[in-house]
1. Which condition from (1) aliphatic (A, V, I, L, M); (2) within 16 Å of the ligand (Cβ to nearest atom); (3) not in a helix (DSSP H, G or I) is the one that residue 281 breaks?
2. So the check is Cβ under 6 Å with 6+ separation or different chains; which pairs have a first residue in the range 63-82 that's of a type in the set (S, T, N, Q) and more than 13 Å from the ligand (Cβ to nearest atom) and a second one that's assigned to a loop (DSSP other than H, G, I, E, B) and at pLDDT below 95?
3. With the checklist (1) in a loop (DSSP other than H, G, I, E, B); (2) crowded, with 18+ Cβ neighbours inside 10 Å; (3) within 13 Å of the ligand (Cβ to nearest atom) in hand, flag the one item residue 158 doesn't pass.
4. For the range 165-195, which positions are within 16 Å of the ligand (Cβ to nearest atom), over 21 Å from residue 402 (Cβ atoms) and at pLDDT 95 or above?
5. Among residues belonging to the range 374-402 that are of a type in the set (D, E, K, R) and away from the ligand (no atom under 15 Å from the Cβ), point out the one that is nearest to the chain's Cα centre (by Cα).
6. Just to be sure, is residue 116 touching a helix residue (DSSP H, G or I) at 6+ places or on another chain (Cβ under 8 Å) and either within 22 Å of residue 392 (Cβ to Cβ) or assigned to a loop (DSSP other than H, G, I, E, B) (or both)?
7. Could you please find all residues in the range 347-357 being within 19 Å of residue 46 (Cβ to Cβ) and either within 11 Å of the ligand (Cβ to nearest atom) or touching a helix residue (DSSP H, G or I) at 6+ places or on another chain (Cβ under 7 Å) (or both)?
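The values are calculated or read from the model by the stated rules, or taken from the named source; none is laboratory data. The structure displayed is predicted, hence computed values, not measured ones. Cβ atoms come from the backbone with ideal geometry, glycine included; neighbour counts cover every protein chain shown. Calculation scope for accessible area: heavy atoms of the full protein, side chains included, ligands and nucleic acids excluded. Shrake-Rupley method; radii C 1.70, N 1.55, O 1.52, S 1.80 Å.
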Amino acid sequence: MNYKISSIFILLIFFSLTGFAQIDIHQAFAFAEKQTALMLRNVDSAKASTTKADLVMPRTINSGGNLVIISSKDWCSGFFPGELWFLYEYTKDAKWLALARKFTADEEREKDNADSHDVGFKVYCSFGTGYRLTNDPHYKSVIIEAARTLTTRFNPIVGSIKSWNNRNGWKFPVIIDNMMNLELLFEATRLSGDSTFYKVAIAHANTALKNHFRNDYSSYHVVDYDPETGKVIRKQTAQGYADESAWARGQAWGLYGYTMCYRETKNKIYLEQAEKIAKFILSNPHLPEDLVPFWDYNDPAIPNAPKDVSAASITASALYELSSYSTNSKTYKATADKIVKSLTQHYQAKSGRDKGFLLLHSIGHKPAKSEIDVPIIYADYYYLEALLRKDKISKGLPVVNR
Ligand code: GLY
């Protein structure tokens, strides 16, 4: 071996030993395409074995090892169409475009479903992503109609969009997850020129900023308000370990939500909030070395508590975007890279197995003993989004392109 070749060889050994080597995005998408083709076959068989015609989207795997398919009403229904759009965005393959359009069409009825705040998740991930990639005028009208539906849940006295109806005796519950729905409103403002959507989004973000956060910038899951006076009644949890604990996915929703609010408004307060949330997450003594958090940062069972891969994939995607606005750019980008690498190397499903999901080990609702240590569609959605964002950064493109 001459000197040059042996130096390269030593460097390669160094990179692989130090874990410095980056993951191969192309390979990760090739895996996602293969798994999604399998998922589509499994969705078809699951549909064939039920009489309920409205069950159309994959969500998770149940304790019997079967694929769980859901109707468009389920809060998770927009993620699979979104993933199909992401596959199309990366590969430009017309096959994924046709499938993305087909599954997105199944979401359309949700534009008028005002039963919860989830209309934002459902319609933005499907139609919003589709519109970004196609400029389809019909998608535009669906986005605007869905945004109108979402604003019917806004109460100006509270200054928030109500998350859920008739649960736990709450009068006007607002969950931190609801920050994610604001993206639909910002998009509808751009598409319609109607600033009402923008004003609702800002009011909601500001109210959450005031009431959802503790001094350490961790967030409560649920804040219940008196709809007549706007006063806070209670601060609690629904899906976390305890009212005063930091539920991992909730922290990720907050990070993503305020980063996106900064993108849409350029209000520095939102950027500062996102950075404070990032600090809470990344300096948490209970955050494992591989940066995939336990399901709740305060579960006393840590380190024997289950992890939540979905919280990690949402965090990675958010950190890529945050890296494009912050002076701490390098740290956020390197951290997102490390999360994506952990997910790809240690949490991926087996090729040709796991019903076509991409990632294992998420938690849906631990207190309800539901969806514990399973693949979940939204973990996969934000993982693909993170991979796309990583790819765009490496090509010098804007992380979020319109
Ligand atoms: N938005 C519900 C959840 O994160 O589980």
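1. (3)
2. Pairs found: 71/54; 71/55.
3. Tallying (1) in a loop (DSSP other than H, G, I, E, B); (2) crowded, with 18+ Cβ neighbours inside 10 Å; (3) within 13 Å of the ligand (Cβ to nearest atom), residue 158 fails exactly one: (3).
4. The answer is 165, 170, 173, 174, 175, 176, 177, 178.
5. Looking at residues that are of a type in the set (D, E, K, R) and away from the ligand (no atom under 15 Å from the Cβ), I get 385.
6. So residue 116 fails the test.
7. Selection gives 349, 352, 355, 356, 357.
Conditions tested, residue by residue: (1) of a type in the set (Gly, Ala, Ser); (2) modelled with pLDDT of 95 or more; (3) within 15 Å of the ligand (Cβ to nearest atom); (4) open to solvent by less than 40 Å² (accessible area, probe 1.4 Å).
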{"position": "163", "(1), (2), (3), (4)": "yes, yes, yes, yes"}
{"position": "197", "(1), (2), (3), (4)": "no, yes, no, yes"}
{"position": "210", "(1), (2), (3), (4)": "no, yes, no, no"}
{"position": "213", "(1), (2), (3), (4)": "no, yes, no, yes"}
